[in-house]
Amino acid sequence: MSLIDLNGEWQLSSPQHPHISVPMTLPGDNHSALLAAGLIEDPYYGTNEKNVQWVGESEWQISRSFMVDEQTLSASALDLKLGRVDTLAKVLINGQEVLECSNMFRLYRVDIKPFAKLGDNQIEVRFARADVEAKARAERLPFPIPSSMGSNNQIPHMNLLRKTQCHAGWDWGICLMVSGIYDAIELVPVRECRLERVSTEQFWQRDGSVVVKVSVQHDPIAEQLIELSFGELKQQISSDANGCSCASFHIEQPELWWPAGYGEQPLYPLTVSLDGQQISKRIGLRKLVLNDAEDSIGSAMEFQLNGFPITAKGANWIPIDARPSNESEAHYRQLLQSAVDANMNMIRVWGGGQYESDLFYQLCDELGLMVWQDMMFACSLYPSTDEFIADVVPELRDQIRRLRDYSCIALWCGDNEVIGALNWYPESKADKVKYTVNYDRLNRVIGQTVREEDPSRRFWASSPCNGDLDYGDAWHEDNRGDMHFWDVWHSGASFKDYLKIQPRFCSEFGYQSWPSLAEVKRFVPESDWNVTSPTFESHQKNASGNSIITEMFTRYFRFPASFEQMLYLSQVQQAIAIKTACEYWRSQSPTCRGMLYWQLNDNWPVSSWSSIEYSGRWKQLHYHAKRFFAPQYIPFQETEDAITLRLSNNSRSTHALKGRVYWMSWQGEVLGQWDWQAQTEADANQVVWSLDKGQWQSHADTGFFFAELFDADSGVAALQNTWFPIPELKGVAIEKANISVGIKGDSIVLSSDKPAFFVHLEHDGDGRFSDSSFTLLPGQPNTVRYLGDDLGSLQQSLRVYDLSHSY
Ligand code: BMA
């Protein structure tokens, strides 16, 4: 008896649009089906977004047929399994309703055998309008619960639906009220006993060994044979009449799982078989602790893996595409590999998106990316009515049970910014007590459910949060918990304001840029190549975004000469902002144990805080992140009386390292040169060089400081860093650099007659470069490799930008 795969082609139709009947591929969404059929224009192009809103304002249904043979029909049950059903849907088999769904985060499993017949069967899913249901729910509320309508959402009361909150638009997101089914859909015949799920617990012993307890949930039938294997070890047990059977494996010398940069990621295969069904997982063995103990500053926020303190470095993750049909394996791999390639070790799955697909967590396990997992609540307030809680609790149980065996998950967090949101809305500002109690009622249930489902991990009420039941201002208090520091972007502070705080863990801080010219070519008609054109404005969802970028130019830079140079300079500016923060906070280690910037990716082509564009192209920030997140990094730090160079070692190993510092004039004259060497301990942060202000401050406008870290084996420069004594570069006499570029195969050799800054390579095709957005010194050519398979585009469209040519 084998399962029946219901993925693939279905038929899409709508009662309001009788002429539409087009194929739709599952898993997938209706907008993608309509686009493929030529019934809508690409919503990501130009100003098309507004033309496709009718799709979300219609009801939709999908159907297909499937065959059931005699053998399958003889099964004791025929389970329909489906997940990520978006959102208000009725499922019918041969015209009879078998399931009603109202929560896109639930995982459904229902026996449809009573409705199935031999031969041809019909399955149909009818989707109701989410916007209509949201309004109806709002009318039933005992008191109003404000949502982020207007600032993020373009559809009212999204907060009352258990649907990805950013489907209704966000301050980086298109409003596409998609519907469909986004996980695999299948029919599983059950012979005698249903294998429900498998979960593991790790019990660490004093001698360093670990006992892995495997619990198998199944139908309550005794004496069924269960076969288990963990790594090389095998066991057979017989099922327990209560429906939960357990086995333990003792691993004497476990190979430990580490976050990227701290060690390897061995994964032990686990397989459980029962009555012809099988569940397989891969388990990383690691001891995980969140140290949030009180200390002399406030309280720590430090993840410890296998007893070792980790500096979490990474970014925030949003859904990878506003059209879920585009969630391909290649796309997930490309983004997560790019995260690791930029030396990240943690990703925060943000609460306005979705609990990610299994593929995401499998890749994070493989790559060593720890996951800060939010529950799916963001920026709005949420009800605590019985009805709402009754919808949320089973969602959490489904998701935690699905996800808890992934070693990468470091923390369960209750929501994104909902504590903060208590201070945003007139209703909650006017009645703080009522709305705070309302918050706590729901948050408490979330916390309790998390603790019941996964006692091995910590529950953190909200991001940001100063600690348990602490409703303090986690946007500004830097002495405890995690913080979201938005003063520089949203409040117009200067980059140097990043140096005024010493966060324990900064889980959000961001700075926007415009897309690159290469990206612009893909979604902006040439007539709209202007930052205030209709296309550009409709792809900027943060109301003051374009003004903030432009105004910041005027503080630091000479105003860019053209549209193209504006795009380039916006990415320079973004890179400087985030580098300033990360470099400083890194030099505060161990006070600061986490920095996750906002945001890694985009879900459509847009102006945003991302470091990777929708197409996968690295922005300048991502190249900088690769350096400032490197396990061994050399941050400059200005103190009261000196400029210092630090060596920060975020790893478990000791290193003997060497490097060089230059003080150089804008013309390229060496004003000072110092070699340094240092022995660094594991997890260390030390000063390796410093120069009194007395020696340079009166000529601060003469030039810049440049540092190199040499590769320990080859002795060649492996990493560079540049520091400008006067960050307002508009006022200094940077010389125009003549940069020569030679392409030979996939190698690009760059050299310059003058110091050149933010030298950035771009071309119209795919792929990236081994390095970009760097400083190029005269007489020191730099060879960059193109990593991609579009050499033709590289040769035809390679552009090399630098700061001196931006104005
Ligand atoms: C944060 C996030 C998002 C938002 C971003 C930029 O706080 O949680 O809600 O997109 O700010 O404004």
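The values are calculated or read from the model by the stated rules, or taken from the named source; none is laboratory data. Computed from a predicted structure; not experimentally measured. Please note: Cβ atoms are built from the backbone with ideal geometry, for glycine as well, and neighbour counts cover all protein chains shown.
Can you list residue pairs whose Cβ atoms sit under 7 Å apart, with the first residue in segment 396-414 being under 18 Å from Ser463 (Cα atoms) and the second being among the aliphatic types (A, V, I, L, M) and in a helix (DSSP H, G or I)? Count only pairs 6 or more apart in sequence or on different chains.
Leu396/Ile446; Leu396/Val450; Ile409/Leu403; Trp412/Val450; Gly414/Ile446
Taking segment 467-503 as the search range and keeping residues that are surrounded by fewer than 20 Cβ atoms within 10 Å (Cβ to Cβ) and under 22 Å from the mean Cα position of the chain (by Cα), which one is farthest from Leu729 (Cα to Cα)?
Among residues in segment 467-503 that are surrounded by fewer than 20 Cβ atoms within 10 Å (Cβ to Cβ) and under 22 Å from the mean Cα position of the chain (by Cα), the one farthest from Leu729 (Cα to Cα) is Trp475.
Could you list, in sequence order, all residues of segment 341-350 that are over 17 Å from Phe509 (Cβ atoms) and outside any strand (DSSP E or B)? Explain how you work it out, then say what you get.
First, pick out the residues of segment 341-350 that are over 17 Å from Phe509 (Cβ atoms): 341, 343, 345, 349.
Listed by number, the residues that qualify are Asp341, Asn343, Asn345.
Can you name the number of the only condition in (1) aliphatic (A, V, I, L, M); (2) in contact with a strand residue (DSSP E or B) (Cβ under 7 Å, 6 or more places away or on another chain); (3) farther than 18 Å from Pro319 by Cα that Ile612 fails?
Exception for Ile612: condition (3).
Tell me, yes or no, whether segment 451-460 has at least one residue that is among the polar types (S, T, N, Q), part of a loop (DSSP other than H, G, I, E, B) and surrounded by fewer than 16 Cβ atoms within 10 Å (Cβ to Cβ). Walk me through it before giving the result.
Of segment 451-460, the ones among the polar types (S, T, N, Q) are 456.
Remaining after also requiring part of a loop (DSSP other than H, G, I, E, B): 456.
Cutting the leftovers down to surrounded by fewer than 16 Cβ atoms within 10 Å (Cβ to Cβ) gives us 456.
Among the residues of segment 451-460, at least one is among the polar types (S, T, N, Q), part of a loop (DSSP other than H, G, I, E, B) and surrounded by fewer than 16 Cβ atoms within 10 Å (Cβ to Cβ), which makes the answer yes.
Specify which of the listed residues (Ser797, Ser772) is over 22 Å from Ala575 (Cα atoms) and not aliphatic (A, V, I, L, M).
Values: Ser772 fails: over 22 Å from Ala575 (Cα atoms).
Answer to the check: Ser797.
Please go through (1) away from the ligand (no atom under 16 Å from the Cβ); (2) within 16 Å of the chain's Cα centre (by Cα) for Lys432 and return the number of the only condition it doesn't satisfy.
(2)
Residue by residue through segment 275-311, note down the ones that are crowded, with 17+ Cβ neighbours inside 10 Å, touching a Ser or Thr at 6+ places or on another chain (Cβ under 7 Å) and not in a loop (DSSP other than H, G, I, E, B).
Ile283
Starting from segment 780-806, take each residue that is assigned to a helix (DSSP H, G or I) and list its partners that are of a type in the set (Asp, Glu), counting only C-beta distances under 7 angstrom and pairs at least six apart or across chains.
Leu791/Asp746; Ser793/Asp764; Ser797/Asp764; Ser804/Glu735
Being in contact with a strand residue (DSSP E or B) (Cβ under 7 Å, 6 or more places away or on another chain) and away from the ligand (no atom under 16 Å from the Cβ) is the filter here; which residues of segment 505-516 pass it?
Let us first name the residues in segment 505-516 that are in contact with a strand residue (DSSP E or B) (Cβ under 7 Å, 6 or more places away or on another chain), namely 505-510, 512, 516.
Ser516 - this is the single residue of segment 505-516 that is in contact with a strand residue (DSSP E or B) (Cβ under 7 Å, 6 or more places away or on another chain) and away from the ligand (no atom under 16 Å from the Cβ).
Consider Ala116 carefully, then state whether it is buried (at least 16 other Cβ atoms within 10 Å of the Cβ) and more than 21 Å from Asn416 (Cβ to Cβ). Reasoning before the result, please.
Details: buried (at least 16 other Cβ atoms within 10 Å of the Cβ): yes; more than 21 Å from Asn416 (Cβ to Cβ): yes.
It is true that Ala116 is buried (at least 16 other Cβ atoms within 10 Å of the Cβ) and more than 21 Å from Asn416 (Cβ to Cβ).
Given Trp674, Trp618, Trp604, Trp609, which one is within 25 Å of Gly353 (Cβ to Cβ) and more than 16 Å from the ligand (Cβ to nearest atom)?
It is Trp618.
Please verify whether segment 320-333 includes one or more residues that are closer than 28 Å to Trp585 by Cα, touching a Phe, Trp or Tyr at 6+ places or on another chain (Cβ under 6 Å) and either within 16 Å of the ligand (Cβ to nearest atom) or not in a helix (DSSP H, G or I) (or both). Before the answer, list the steps.
Taking segment 320-333 first, the residues closer than 28 Å to Trp585 by Cα are none.
No, the conditions are met nowhere in segment 320-333.
Is there any pair linking a residue in segment 487-502 that is closer than 11 Å to Thr580 by Cα and more than 15 Å from the ligand (Cβ to nearest atom) to one that is modelled with pLDDT of 95 or more and charged (D, E, K, R), with Cβ under 6 Å and at least six apart or on different chains, and which?
Listed by first residue and then by second, the contacts come to Asp497/Asp487.
Looking only at segment 574-601, which residues are out of contact with any strand residue (DSSP E or B) (no Cβ under 7 Å at 6 or more places or on another chain), in contact (Cβ under 8 Å) with a residue 60 or more places away in the chain and within 17 Å of Val759 (Cβ to Cβ)?
Ala575, Ile576
Show the residue pairs meeting these rules: Cβ distance below 8 Å; 6+ apart or different chains; first residue within segment 83-112 and at pLDDT below 95; second residue part of a strand (DSSP E or B).
Short answer, once both residue conditions are applied: none.
If you take just the helices (runs of 4 or more DSSP H) that sit entirely in segment 1-103, which of them hold at least 2 residues that are farther than 25 Å from Met376 by Cα and of a type outside the set (Gly, Ala, Ser)? First the steps, then the outcome.
On the way: elements: 30-36, 53-56, 70-73.
Those helices (runs of 4 or more DSSP H) span 30-36, 70-73.
Would a scan of segment 445-463 turn up a residue that is at pLDDT 95 or above, away from the ligand (no atom under 16 Å from the Cβ) and touching a Gly at 6+ places or on another chain (Cβ under 6 Å)?
If we filter segment 445-463 for residues that are at pLDDT 95 or above, which is where we start, we get 445-463.
With away from the ligand (no atom under 16 Å from the Cβ) added as a condition, the list becomes 445-459.
Going one step further and asking which of them are touching a Gly at 6+ places or on another chain (Cβ under 6 Å), we end up with 446, 459.
Yes, segment 445-463 contains at least one residue that is at pLDDT 95 or above, away from the ligand (no atom under 16 Å from the Cβ) and touching a Gly at 6+ places or on another chain (Cβ under 6 Å).
Quick one: which strands (runs of 3 or more DSSP E) lie wholly within segment 126-242 and hold at least 1 residues that are at pLDDT 95 or above, within 16 Å of the ligand (Cβ to nearest atom) and on the phi > 0 side of the Ramachandran plot? Reasoning before the result, please.
On the way: elements: 168-170, 173-175, 186-190, 195-204, 210-218, 225-230, 233-238.
In segment 126-242, 168-170 are the strands (runs of 3 or more DSSP E) which contain 1 or more residues that are at pLDDT 95 or above, within 16 Å of the ligand (Cβ to nearest atom) and on the phi > 0 side of the Ramachandran plot.
So which of Ile181, Ile174, Ile221 ends up being within 30 Å of Asn30 (Cα to Cα) and in contact with a Gly (Cβ under 9 Å, 6 or more places away or on another chain)? So that I can check it myself, show each step before the final result.
Working: Ile174 fails: in contact with a Gly (Cβ under 9 Å, 6 or more places away or on another chain); Ile221 fails: within 30 Å of Asn30 (Cα to Cα).
The match here is Ile181.
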